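Asks: I'd like to ask some things about the structure below.
Quick note: the coordinates plus some simple rules give every number you see, no bench work behind them. Everything numeric in this text was worked out from a predicted model, so none of it was measured. With ideal geometry, Cβ positions are generated from the backbone for all residues, glycine too; neighbour counts draw on all protein chains shown.
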Amino acid sequence: MRIFTILIAGVFVNNFLLSKFLGICSFLGVSKKVDTSIGMGIAVIFVMTLASAITYIIQYGILAKLGLEYLQTIAFILVVAALVQLVEMFIKKSSMSLYQALGIYLPLITTNCAVLGVCTLNIQNSYNFIESVVNGAAGGIGYTLAIILLAAIRERAEVSDVPEALQGFPITMIAASLMAISFLGFSGML
Amino acid sequence: MATQIIIPVVVLGIIALIIGVALAVAAKRFEVKEDERIPQVRAVLPGANCGGCGYPGCDGCAAAIVKGEAPVNACPVGGAAVAEKVGAIMGEAVDNSMPNVAQVLCGGNCEKAPRQTEYYGLKDCNEAVVANGGPKGCRFGCIGLGSCVSVCEFDALHMTDKMLPEVNINHCVACGKCVDICPKNVMTLIPKDQIVHVDCQSKEKGKLVRQNCEVGCIGCGICEKTCMFDAIHVQGNLAVIDYSKCSNCGACVKKCPTHALIKEGRKVAPRKGLKPVKKAAPKTKPAEA
């Protein structure tokens, strides 16, 4: 039951993009087309889940045993950066078009604070291993959901009659903020 | 004390080492064979990432050239020299067409076409044009606030002290940024060996042109009649040169009553294959006044 709660909380209630406002850079950067945002979302799910698992092992297997918990941030960044490299190689191998579509935003997952955020929150909330992995996956799924929704809105906005002053990023910001407000409605669920 | 420092360093070092080895193994497994010509082509491109070729930066251009989507002379910045090098890599002959160069199609400087209103806004043509089309009387002329100069990355454009931009053709690479930014479409790209220009864009009737500018084209059509090569025509109160027919002879320049036509002082190679088309004196259309 607790795992289910974590999953729902991660996807809807504590959505990283829309209620914690982490990882906004790629949220606005890669959400032009639904196709690429799906790819980006899957990459983030992968990185977040794996990063949660590995950082859990590092935190409790190495750092806590040696009393070096203060190295948490720097060690986690190391893990996240390496994982992103791995994902980048994998995507380049498997889908060149997705690799080109993601462009600069793929390496930018390294500095995506949502990934580091999920790892740190796992430790802060003292989740166990399973819960950490579930929370990581839920964070990634929430990210994917939000970015696909925004991409769909932007595709519609592209062909709509938007006032000239609001075309492009301004209308995207407004759409994103309205999404954040509507996601606020989930906070009563748990 | 020392152990407090050494232990964290060693621990982090070991973690980093393990990750590094894992990445190295993964890099070998997921290695993608790129066309080796892409980095070669990329190396001879200028690397300005100006986007003048229409691709996202020099990397995009190099990839497109190797794929065959773009011609070997796709880079407008590098010109013939780069195209030759790229052609050598790609094993293709180079189409050495005449490079383009930016040209200011307006002669209305602050003396010839004075401002009619005072403008105190931002020093940017695209801002000024919002205020009733800019401070000049002529709706088609250069605003003279130098947006083209600030956008030029190759130091090829400068404002003269009479508030007109001036192209340094030795620096201009025809990237087209000035053409894109000019709200009045005064900037254009023309073949580099073209030295006769209509220095006016005004499609107003002759009387209005005269009111607003001393050197505007009034669409009288004298140049059209003078031209031996059928290269200049009045279209909508404005003389327009067909660069493929113009021989740079400058006969029209001498006849132009308003001096809207100019001939540059520099020397260019004569164009081949142009024969005078001797026209029967056309029925004189009365000049629109």
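Asks: Which residue fluctuates the most in chain A, going by a Gaussian network model with Cα springs under 10 Å, if the choices are A:Ile42, A:Ile174, A:Ile77?
Replies: Fluctuation is largest for A:Ile174.
Asks: If you don't mind, there's one more thing I want to ask. Evaluate the distance, in nm, between pseudo-label points positioned 7 Å from the Cα of B:Thr117 and of B:Met98 along their respective Cα→Cβ axes.
Replies: That separation, rounded to one decimal, is 4.0 nm.
Asks: Please tell me the relative contact order of chain B in percent, rounded to the nearest whole number, where contacts are Cα pairs under 8 Å and at least six residues apart.
Replies: After rounding, I find 14 percent.
Asks: Cross-link partners among aspartates and glutamates for B:Lys162, C-alpha distance below 19 Å, same-chain residues fewer than 8 apart left out?
Replies: B:Glu111, B:Glu118, B:Asp124, B:Asp199, B:Glu214, B:Glu264
Asks: Shifting gears a bit: Could you name the aspartates and glutamates in cross-link range of A:Lys33, using Cα to Cα under 19 Å and dropping any fewer than eight places away on the same chain?
Replies: A:Glu155, A:Glu158, A:Asp161
Asks: Using the count of nearby Cβ atoms within 10 Å as a rough guide to exposure, how do A:Tyr60, A:Tyr70 rank from fewest to most?
Replies: Exposure proxy ranking, most exposed first: A:Tyr70, A:Tyr60.
Asks: Right, another one. Stick to Cα atoms and the Kirkwood definition of Rh, then tell me Rg/Rh for the protein assembly as shown.
Replies: Result for the protein assembly as shown is an Rg/Rh of 1.14.
Asks: Sticking with this one: By counting other Cβ atoms within 10 Å of each Cβ, how are A:Cys119, B:Cys249 ranked from fewest to most?
Replies: B:Cys249, A:Cys119
Asks: Moving to a separate point now. Do you know the relative contact order of region B:117-222, to the nearest whole percent, from alpha carbon pairs under 8 angstrom that are 6+ apart?
Replies: Relative contact order for region B:117-222 comes out at 22 percent.
Asks: Would you work out the relative contact order for region B:53-185, in percent, from Cα pairs under 8 angstrom that are 6 or more residues apart?
Replies: 22 percent
Asks: Continuing with the same structure: In cubic angstrom, how much convex hull volume per residue do the alpha carbon atoms of chain B span?
Replies: Taking the convex hull of the Cα positions in chain B, it is 213 Å³ per residue.
Asks: Using the Karplus equation 6.51 cos²θ - 1.76 cosθ + 1.60 (θ = phi - 60°), what ³J(HN,Hα) coupling, rounded to whole Hz, does each residue of region A:180-186 give in order, writing x for Gly and Pro?
Replies: 4, 5, 5, 5, 4, x, 6
Asks: So, one more: Using Cα centres only, tell me the gap between region A:149-190 and region B:161-183 in whole Å.
Replies: 39 Å
Asks: Tabulate in residue order the Karplus-calculated ³J(HN,Hα) for region B:219-224, using 6.51 cos²θ - 1.76 cosθ + 1.60 with θ = phi - 60°, rounded to whole Hz; enter x for Gly and Pro.
Replies: x, 6, x, 5, 4, 4
Asks: Near the amide H of B:Val101, under 5 Å away, which other amide H atoms are found, from residues 5 or more places off or on another chain, if H is placed in the peptide plane?
Replies: B:Ile190, B:Lys192
Asks: Treat region A:48-190 as a sphere of radius equal to its Kirkwood radius over Cα pairs and apply Stokes-Einstein at 4 °C in a medium of 1.567 mPa s; give the translational diffusion coefficient in µm²/s, rounded to a whole number.
Replies: Rounded to a whole number, D works out at 75 µm²/s.
Asks: Here is a further query. Name the residues whose placed amide hydrogens come within less than 5 Å of the amide hydrogen of B:Ala239, ignoring near sequence neighbours (fewer than 5 apart) on the same chain.
Replies: B:Gly219
Asks: Let me ask something additional. Listed here are the pairs A:Lys32/B:Lys28; A:Lys32/B:Lys136; B:Lys225/B:Lys267; which of them are more than 30 Å apart at the Cα?
Replies: Violating the 30 Å limit, Cα to Cα: A:Lys32/B:Lys28; A:Lys32/B:Lys136.
Asks: Okay, moving on. Taking θ as phi - 60°, what are the ³J(HN,Hα) couplings along region A:111-127 by the Karplus curve (6.51, -1.76, 1.60), each to the nearest whole Hz, with x for Gly and Pro?
Replies: Listing the rounded values in order: 9, 6, 5, 4, 5, 5, x, 5, 5, 5, 5, 3, 6, 4, 7, 6, 6 Hz.
Asks: Here is a further query. Comparing B:Lys67, B:Lys85, B:Lys184, which has the greatest mean-square fluctuation in the GNM of chain B with Cα pairs linked when under 10 Å apart?
Replies: B:Lys67
Asks: Right, next: Taking amide H atoms as placed 1.01 Å from N in the peptide plane, list the residues 5 or more away in sequence, or in a different chain, whose amide H sits under 5 Å from that of B:Ile232.
Replies: Placed amide hydrogens put B:Asp242 under 5 Å from B:Ile232.
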